[in-house]
Amino acid sequence: MADATRDPPDALRRALAAFRAGDLDAALRLTGGVLAGTPESINALHLLGLIEARRGRLAEAERAIARAVELEPGFAAAHASLARVLAEQGRAEAAVASYDRALALKPEHAEAHFRRANLLRGLNRLDQALAGFERAVALQPANAEAWNNRGVVLKALGRPDQALASYDRALAARPGFAEAHGNKGNLLIDAKRPEDALGCFDRALALKPDDVQTLNNRGNALVQLAQADEERG
C-alpha cells in the first residue's frame, strides 16, 4: 500500500492551490516535481489526473488516476475521479462501476450518488437512477439538479404527481433554475393545465430568453389553451 505521508506536503499544497486557482501549468510543474521524487505518491497521481482532465487529456488523466487506485484501492475520492474521467470518454458502464467502488468506500458521497444516477438515467436504468437521485437529495437536500433530474425520471416512470413535487423542490432550492421551470411546464401541459404551464415557461424564458425549446413549448401551451377555450365556448 502506498504511503501518502511520504508526499512532500508543501509542494503538494502549492500544486493544489495552483490547480484550484486555474494555473494548470504551475500545477502540472509542481505535481511533476513531487512525482519525480515520489513516483508512487497517490495524492500526486490523483492530482495529476485532475489536472490532465481539466486540460482535456483524458487518456493521460485516466492513466494517472488508475495508478493511484491501483496503489491504494481504498482511495474513494480517486475512484470517483476516475468515474468522471471514464464518463467524459463516453464509457458509462465503466464509470458506474467506478462510482460503485467509491460508494462502497464512502457511502455518504452525495456527488458520487448524483453523478452515478445521471449515468444510470442515460443508460435507461430508471429505477436504479431514481434510487440514486433519492440518495443524493437525502444527503444534500439543497441539490436542485438532483431534485430536477429525479423529477425527469419520475415522469419517465409514469409518476407525474411525484415528478411535479420533485420539480417544486428543485425550484425551492434554486428559484432561478430555468430547466426546472421548463420541465414543470411540460408536465403541466401533459396534465392539461396550459395556464399554469404558461407561467412556468414565462419564468424559464425570463431566465433564458433565447431558449428555442422553451419558446416552442410555450407555443404548445398557447395552442392547448386556445383549444380549451373553444371546447368551453
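Once you have the Cα-Cα distance between ARG13 and VAL223, take 0.36 nm times their residue separation minus that, and quote the gain in nm to one decimal. Mind dumping the intermediate values first?
Working: separation 210, 0.36 × 210 = 75.60 nm, distance 5.91 nm.
Length difference between fully extended and current span is 69.7 nm.
FRET efficiency for the ALA110 to GLN89 pair, using the beta carbon distance and R₀ = 25 Å, is estimated at 0.60. The angle between the Cα long axis of helix 160-173 and the main principal axis of the chain comes to about 60°, on a 0 to 90 degree scale. If R0 is taken as 35 Å, the Cβ-Cβ distance between GLN213 and ARG57 corresponds to a FRET efficiency of 0.60.
Please calculate how many Å² of accessible area the chain carries per residue, with a 1.4 Å probe and no DNA, RNA or ligand atoms counted. Mind showing how you got there, number by number?
Details: 11910 Å² over 233 residues.
That works out to 51 Å² per residue.
Placing +1 on each Lys and Arg Cβ and -1 on each Asp and Glu Cβ, with no other charges, gives the chain a dipole about its Cα centre of roughly 220 debye. Helix 9-20 versus the longest principal axis of the chain: what is the Cα-based angle in degrees, 0 to 90, to the nearest 10? Once rounded, the angle reads 30 degrees.
How many percent of the accessible area of the range 99-200 is carbon or sulfur, using a 1.4 Å probe? Intermediate results must be reported in sequence, preceding the final value.
Details: 2280 of 4740 Å².
So the carbon and sulfur contribution to the accessible surface is 48 percent.
The lysines within cross-link reach of LYS184, meaning a Cα-to-Cα straight distance under 25 Å and a gap of 8 or more places when in the same chain, are LYS155, LYS192, LYS208. For the peptides 26-32, 76-82, the ranking by mean Cβ contacts within 10 Å, running from highest to lowest, is 76-82, 26-32. Cα axis of helix 76-88 to longest principal axis of the chain: angle in degrees, 0 to 90, nearest 10? It works out to around 60 degrees.
Taking a Cβ cut-off of under 11 Å around GLY74, the surrounding Lys, Arg, Asp and Glu residues balance to a net charge of +1, with basic ones at +1 and acidic ones at -1.
Once a ≥ b ≥ c are taken as the square roots of the eigenvalues of the Cα gyration tensor of the range 1-159, is the result rounded (a/c under 1.5), prolate (a/b larger than b/c) or oblate (a/b not larger than b/c)? Verdict is prolate for the range 1-159.
The values are calculated or read from the model by the stated rules, or taken from the named source; none is laboratory data. Model, not experiment: these values are computed from the prediction. Every residue, glycine as well, gets a Cβ built from its backbone with ideal geometry; the counts of neighbours run over all protein chains shown. With ligands, DNA and RNA removed, areas are computed over all heavy atoms of the protein, side chains included. Shrake-Rupley method; radii C 1.70, N 1.55, O 1.52, S 1.80 Å.
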